[in-house]
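A.B. asks: Right, I'll just put the structure down here and ask away after.
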Amino acid sequence: MARIFLDGPANGSGDERFAAPAQPVNLSRRRFLLGSAGVATGALVLGFGIPVGPARAQGPAAPAPKALDVPAFLEIRPDNTVRFLSPFMEGGQGAFTAMAQIVGEELDMDPAVFEVEAAPAGKVFQVMFGGTMRITGGSMSVRTSYDTMRRLGASARAMLISAAAKRLGVGADTLTTEPGKVIHTASGRSLSYGELAEGALDMGVPEAGRISLKDPKNFRWIGKPVARIDMHAKSTGQAMYAIDSQVENMLQAAVQHAPRLGLQPGAIRNEAAVKAMPGVHSVHTLDGAVAVVAPYWWHARQAADALDVDWQDPGESADVRYMPADFATDAFTQHLSSQTGRGEEAESAGDSAAAFASAAKVVEGEFTSQYLHHAQLEPPSTLARFNADGSLDLWMPNQGPEIFQAAIAAKTGLAPEKINIHSPLLGGFFGRHFQYTWGNPYPHAIALAKATGRPVKVIWSREEEFLRDPMRPMAVVKFKGALDADGWPVGLDVVSVCEGPGEGIANKRGEKLDESALEGITAKSYAIPNRRIAQLFVKNPTTLAYWRSVGNSMNDFFYESFLDEMADAGGKDPYALRLKLLEGNKRLTTLLKAAVELSGGWKRGPFTAADGTRRARGIAMASPFGSEAAAVAEVSIQDGQVVVHDVWEAIDPGSIVNPAIVEAQVNSAVALGLSQVLVEGAEYEAGMPVARNFDAYQILRPEQMARVHVKIVESGAEMGGIGEPPLPAIPPAVANAVSVLTGKRVRVMPLSKESFEA
């Protein structure tokens, strides 16, 4: 797993990083705190890690804080519904539904009656890694909070049983629950949770040692294909995204970025004419951009596009990631390829030099990956509003509210508690909505709201988004493999010439290697005894970012493709080679066999399909974010281009919460993996992206999507992620199949750059 997402405590042991936070406490006992939080009268509310100092527990005359001061909580309403503030964002991956399933399981409450919202920024919502962190990324939401959320639900259930025992005059041990109610079987009496909520208000939360969690064999909802709780709102147009946000007296703004990062606006040659355009409120100069504010966004967009700006070079001393006017991706690829250094070692084992010196055969290959846009459906936006009390409200797509709150506090000088981050649903994200210095519109929205004295919503058009979207890094990776006299791999030497996403985001080389730069090449389970894996750092002019499955998205393509090359060079079948190198690893051999069995048995080809097309299959594995994946892809060549007919993927996340969501995520990851390997690629010429919208930036078309077959394997290992792990095995499985079918090794993505013959 790439720990570049994480702060200090994330570098500890696995047990420490996944430790549960403090025991739940009963927020309802401080009822005066809850009125402004939208909590129903008589609701039972639980939260984690809440300070109980006398300043808050006393003084009825004290003003009730805003909702942002209320910690993470579960609210059981008198009408027998549940409101849950989720520490994690929902962007289509099913986090809200999973949270409702986990909490509802132990609470004994149907997830269908949950209303889930993203929690505001606040230390108490940092439920990951012992209460030190909160992000939606790295496929960590469910696996880092699973035990915590179960305890929350179990604690609420125990309190409701205690309240029922008091009300019915019976022992708590004589009561049981059914969904949404407590039952006294002996008398046939029952009380709904809503009826009991007020009676449980002043009860303390049971100590952790007194809380019993369900035996998994008795799970009612966990492990079941529970329907998505956000399905109805999304399918009826009621779901609200950041781009939909509105407040009273709001203006809207569009921007025109500098054509190359680092340039600054000078004179606006036609400012007076643009100010006279229909609907224009005002014209503004920003850091690296100009903007037009208007009541309607389309008027703002037309006027912003019309601005004729004298863009100024920042000068050599400017502290900015500068895009040169002569930057081109083809030339930069050649520059990376020409590097001859040995790099900084990230992993070594055995005696690599000796293995190559005594090798019966040495195999070499150089691989290249492309820059990629996130290309999420919803372009970035931010609505900013300064309030009379000096606070600042922001509605914005984000994957970590506290990260943005801290960055905005540093930028504005406001205290963090004065900055209220609202986190609507995400219209896709794939790593796009982290704190990227030059890749977020919130600085524009804040500056314009301050300048106009009114709330302002900034929306970046797709063209402006593609100009400032930070890229998935590209890399050139040089492989050498040593084979013994029997054709088995005994040595591996890898140098990745690249800049990792963490290094790109920081805009500097760190003291330690960026783990995400090499994940998918390092820490592989294949038993190759002698290894040296290194990174040769080369800074990119483009801004860089995390992308779905981060380094694994490209590095597993490199590694798994080269593994097939070594198999062929040694006269080995690639499936048999993997089984050999995984001997003794029950989890991975079981998974690999499951993928092959799902496909109907290993059939590498080439072979003739029933429709008369000549086809072949490829195989690959990946181990990202705590989960394991194995995939088989079947391809043919039509009109010189690759067609992927079927993908069979087995996924082992250890254990699961919702198989329907797992299957949906595998399908989604396969689509993105195919898009990456077949058609996607962000190219630059003269310091500018060639594609500024989807007319030129190709993504997978519906007719290019393969049939996807999914096998979920629950090995019982520690729970892993599911949003990203199914992706990395797809590109190499396709590339390996194409190599078999055409007799030509595939070492560059996307495949659409070449024309193939079967």
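A.B. asks: When region 582-610 is examined, which residues are found to be among the basic types (Lys, Arg) and either assigned to a loop (DSSP other than H, G, I, E, B) or surrounded by 15 or more Cβ atoms within 10 Å (Cβ to Cβ) (or both)?
C.D. replies: Selection gives Arg587, Lys593, Lys603, Arg604.
A.B. asks: Also, I was wondering about something else. Going through Gly365, Gly428 one at a time, which residue ends up being closer than 30 Å to Gln698 by Cβ and within 25 Å of the chain's Cα centre (by Cα)?
C.D. replies: When all the criteria are applied, what remains is Gly428.
For every residue, the table says whether it meets (1) at pLDDT below 95; (2) touching a strand residue (DSSP E or B) at 6+ places or on another chain (Cβ under 9 Å); (3) buried (at least 17 other Cβ atoms within 10 Å of the Cβ); (4) not charged (D, E, K, R).
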position	(1), (2), (3), (4)
Asp573	no, no, no, no
Pro624	no, yes, yes, yes
Ala629	no, yes, yes, yes
Ile661	no, no, yes, yes
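A.B. asks: Of these, Leu152, Leu191, Leu168, Leu196, which one is surrounded by 14 or more Cβ atoms within 10 Å (Cβ to Cβ) and within 24 Å of Val124 (Cα to Cα)?
C.D. replies: Going through Leu152, Leu191, Leu168, Leu196 in turn, the sole match is Leu152.
A.B. asks: What is the one condition in (1) over 21 Å from Thr590 (Cβ atoms); (2) in a helix (DSSP H, G or I) that Ile637 does not satisfy?
C.D. replies: (2)
A.B. asks: Still on this structure: Determine if region 517-537 includes at least one residue that is over 25 Å from the mean Cα position of the chain (by Cα), surrounded by fewer than 16 Cβ atoms within 10 Å (Cβ to Cβ) and in contact (Cβ under 8 Å) with a residue 60 or more places away in the chain.
C.D. replies: Scanning region 517-537 turns up at least one residue that is over 25 Å from the mean Cα position of the chain (by Cα), surrounded by fewer than 16 Cβ atoms within 10 Å (Cβ to Cβ) and in contact (Cβ under 8 Å) with a residue 60 or more places away in the chain.
A.B. asks: Here's another thing I want to ask about it. If Val477 satisfies every condition in (1) surrounded by fewer than 23 Cβ atoms within 10 Å (Cβ to Cβ); (2) in contact with a Ser or Thr (Cβ under 6 Å, 6 or more places away or on another chain) but one, which is the exception?
C.D. replies: Exception for Val477: condition (1).
A.B. asks: Follow-up. In this structure, does Glu680 turn out to be in a loop (DSSP other than H, G, I, E, B) and either out of contact with any strand residue (DSSP E or B) (no Cβ under 6 Å at 6 or more places or on another chain) or under 22 Å from Gly428 (Cα atoms) (or both)?
C.D. replies: yes
A.B. asks: Kindly indicate which of Gly681, Gly673 is buried (at least 19 other Cβ atoms within 10 Å of the Cβ), within 14 Å of Gly723 (Cβ to Cβ) and not aliphatic (A, V, I, L, M).
C.D. replies: Checking each option against the conditions leaves just Gly673.
A.B. asks: Sticking with this one: Output the residues belonging to region 743-754 that are surrounded by fewer than 14 Cβ atoms within 10 Å (Cβ to Cβ) and not in a loop (DSSP other than H, G, I, E, B).
C.D. replies: Lys753
A.B. asks: Yes or no: Leu425 in contact with a strand residue (DSSP E or B) (Cβ under 9 Å, 6 or more places away or on another chain), hydrophobic (A, V, I, L, M, F, W, C), under 24 Å from Gly138 (Cβ atoms) and in contact (Cβ under 8 Å) with a residue 12 or more places away in the chain?
C.D. replies: Criteria met by Leu425.
A.B. asks: Moving on to the next point. Run Ala410 past the list (1) touching a residue at least 12 places away in the same chain (Cβ under 8 Å); (2) under 27 Å from Val290 (Cβ atoms); (3) not β-branched (Val, Ile, Thr) and report the number of the one that doesn't hold.
C.D. replies: Against the list (1) touching a residue at least 12 places away in the same chain (Cβ under 8 Å); (2) under 27 Å from Val290 (Cβ atoms); (3) not β-branched (Val, Ile, Thr), Ala410 comes up short only on (1).
A.B. asks: I would also like to ask the following. Do we have Thr412 as under 30 Å from Tyr322 (Cα atoms), more than 19 Å from the chain's Cα centre (by Cα) and crowded, with 18+ Cβ neighbours inside 10 Å here?
C.D. replies: Criteria not met by Thr412.
A.B. asks: Would you pick out the residues in region 569-581 that are touching a residue at least 12 places away in the same chain (Cβ under 8 Å) and assigned to a helix (DSSP H, G or I)?
C.D. replies: Ala569, Pro574, Tyr575, Leu577, Arg578, Leu579, Lys580, Leu581
A.B. asks: A further question on this structure: Of the residues Lys418, Lys508, only one is surrounded by fewer than 23 Cβ atoms within 10 Å (Cβ to Cβ), of a type outside the set (Asp, Glu) and free of Cβ contacts under 8 Å to residues at least 12 places away in the same chain; which?
C.D. replies: Lys508
A.B. asks: Can you go through Ile722, Ile619 and tell me which one is in a loop (DSSP other than H, G, I, E, B), buried (at least 16 other Cβ atoms within 10 Å of the Cβ) and in contact (Cβ under 8 Å) with a residue 40 or more places away in the chain?
C.D. replies: None of the others qualify; the one that does is Ile722.
A.B. asks: Does Ala671 qualify as being closer than 17 Å to Glu634 by Cα, more than 20 Å from the chain's Cα centre (by Cα) and not in a loop (DSSP other than H, G, I, E, B)?
C.D. replies: no
A.B. asks: Quick check: is even one residue across region 575-588 more than 30 Å from Thr333 (Cβ to Cβ), touching a Gly at 6+ places or on another chain (Cβ under 7 Å), in the same structural domain as Ser496 (by TED's automatic domain parsing) and modelled with pLDDT of 95 or more?
C.D. replies: no
A.B. asks: Residues in region 445-456: is at least one out of contact with any Phe, Trp or Tyr (no Cβ under 7 Å at 6 or more places or on another chain) and either modelled with pLDDT under 95 or part of a strand (DSSP E or B) (or both)?
C.D. replies: Yes, some residue in region 445-456 is out of contact with any Phe, Trp or Tyr (no Cβ under 7 Å at 6 or more places or on another chain) and either modelled with pLDDT under 95 or part of a strand (DSSP E or B) (or both).
A.B. asks: Looking at (1) under 13 Å from Gly400 (Cβ atoms); (2) touching a residue at least 60 places away in the same chain (Cβ under 8 Å), which one does Phe88 not meet, given that it meets all the others?
C.D. replies: (2)
A.B. asks: A further question follows. Checking Asn540 against (1) more than 31 Å from the chain's Cα centre (by Cα); (2) more than 26 Å from Thr742 (Cα to Cα): exactly one of these is not met. Which one?
C.D. replies: Every listed condition holds for Asn540 apart from (1).
A.B. asks: Sticking with this structure for a sec: On the given criteria, is Glu757 assigned to a loop (DSSP other than H, G, I, E, B), within 27 Å of Ile661 (Cα to Cα) and charged (D, E, K, R)?
C.D. replies: Criteria not met by Glu757.
A.B. asks: Condition test on Ala691, is it under 30 Å from Asp326 (Cβ atoms), part of a loop (DSSP other than H, G, I, E, B), in the same structural domain as Arg615 (by TED's automatic domain parsing) and of a type outside the set (Ser, Thr, Tyr)?
C.D. replies: Against the criterion (under 30 Å from Asp326 (Cβ atoms), part of a loop (DSSP other than H, G, I, E, B), in the same structural domain as Arg615 (by TED's automatic domain parsing) and of a type outside the set (Ser, Thr, Tyr)), Ala691 qualifies.
A.B. asks: It is to be established whether one or more residues within region 121-131 are assigned to a strand (DSSP E or B) and of a type in the set (A, V, I, L, M).
C.D. replies: Yes, region 121-131 contains at least one residue that is assigned to a strand (DSSP E or B) and of a type in the set (A, V, I, L, M).
A.B. asks: Another one. Restricting attention to region 120-137, report how many residues are crowded, with 24+ Cβ neighbours inside 10 Å and at pLDDT 95 or above.
C.D. replies: Summing the residues that are crowded, with 24+ Cβ neighbours inside 10 Å and at pLDDT 95 or above in region 120-137 gives 2.
The values are calculated or read from the model by the stated rules, or taken from the named source; none is laboratory data. Every value quoted in this text rests on a predicted model; they were computed, and no experiment measured them. Quick reminder, even Gly has a Cβ in these numbers, built from the backbone with ideal geometry, and neighbours come from all protein chains shown.
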